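Below: one structure, written as structure tokens.
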Amino acid sequence: VLLFSCCFVLFTLDITRSLAVTSYADKQPLIGVSPEDEKYYKGLFSSNSIRCKDGSKKFNKSQFNDDFCDCPDGSDEPGTSACPNAKFYCRNAGHSPRLIYSSRVNDGICDCCDGSDEYDGKTKCLNTCWEAGKVEREKLKKKITTCREGASIRKHEIEQAKVAIEKDEAELTKLENDEKILKALVETLR
Ligand SMILES: *[C@@H]1O[C@H](CO)[C@@H](O)[C@H](O)[C@H]1NC(C)=O
């Protein structure tokens, strides 16, 4: 249980990412899109149009993130504040990814610790993810250490259990033999 509960924590620290804020949108055509949704949006580049996630309408590449809301569920505008229901994904490398309401994109307030929600150049956001992620990283490190120790203890216990089982089996065999001898003796005495 110990092994499965905590050792599969993925410890991904991406510090190599560029922190440039002004050219963020140019560098990232799928701005605001979460990794799980990338496949869905890539359909825009391989076909003329795709359906909104709720299936209600269709939109094409030029309607994607064009600051005009076409889908009721906001799926055509993850990276702008045009749709009230849209969600913007912040990568927040060094800390935890986050989904914020797209209405907060370029609103002058830094919501994402990586500053990616303010990319129009009007507001400069410092990247505070590394600092903010510090406590969490320490926790994760401790967890990983505990897991390693737990795994090692477990392994040792299993080895000990194996030895104990072998011992028990030998003992049982001996007892069964003794029983046979005793039974024979009882018969003889009768
Ligand atoms: C996308 O759809 C709009 C509205 O239907 C249309 O005006 C525009 O030309 C289309 N763009 C492309 C690249 O197909």
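The values are calculated or read from the model by the stated rules, or taken from the named source; none is laboratory data. Here the structure is a predicted model, which means the values were calculated and not measured. All Cβ positions, glycine included, derive from the backbone under ideal geometry; neighbour counts span all protein chains shown. All accessible areas refer to the heavy atoms of the entire protein, side chains included, with ligands and DNA or RNA removed. Shrake-Rupley method; radii C 1.70, N 1.55, O 1.52, S 1.80 Å.
For the chain, what is the calculated [θ] at 222 nm in deg cm²/dmol (nearest 500), taking -39500 (n - 2.57) for each run of four or more DSSP H residues and dividing by its residue count?
-13500 deg cm²/dmol
With point charges of +1 on the Cβ of Lys and Arg and -1 on the Cβ of Asp and Glu, referenced to the Cα centre of segment 140-190, which listed residue (THR145, ALA170, ILE158) lies farthest in the positive direction of the dipole?
Of the options given, the answer is THR145.
Compute a Gaussian network model of the chain, connecting alpha carbons closer than 10 Å, and tell me which residue from SER34, SER46, SER116 fluctuates the most.
SER46
In debye, nearest 20: dipole of segment 99-190 around its Cα centre with unit charges on the Cβ of K, R (+) and D, E (-)?
200
Testing the spin-label approximation: label points 7 Å from Cα along Cα→Cβ at THR146 and CYS52. State their distance in nm.
Result: 4.5 nm between the two label points.
Got a number for carbon plus sulfur as a percent of the chain's accessible area, 1.4 Å probe?
Within the chain, the accessible surface is 57 percent carbon and sulfur.
Given points 7 Å out from each Cα along the Cα-Cβ axis, report the SER62 to GLU176 separation in nanometres with one decimal.
If labels sit at SER62 and GLU176, their model points lie 8.4 nm apart.
Assigning unit charges at the beta carbon (Lys, Arg +1; Asp, Glu -1) and nothing else, what dipole magnitude in debye, to the nearest 20, does the chain show about its Cα centre?
Its charge dipole is roughly 220 debye.
If packing is taken as the mean number of other Cβ atoms within 10 Å per residue, what is the order of 163-171, 84-92, highest first?
On the way: 163-171: 10.0, 84-92: 20.3.
Highest-to-lowest ranking by the protection proxy: 84-92, 163-171.
Report, to the nearest 10°, how far helix 134-189 tilts away from the longest principal axis of the Cα atoms in the chain, using its own Cα long axis and a range of 0 to 90°.
Taking the Cα atoms of the chain, the angle to 134-189 is about 20 degrees.
What does the convex hull of the alpha-carbon atoms of the chain project to on average, in nm²?
Answer in nm², one decimal: 19.4.
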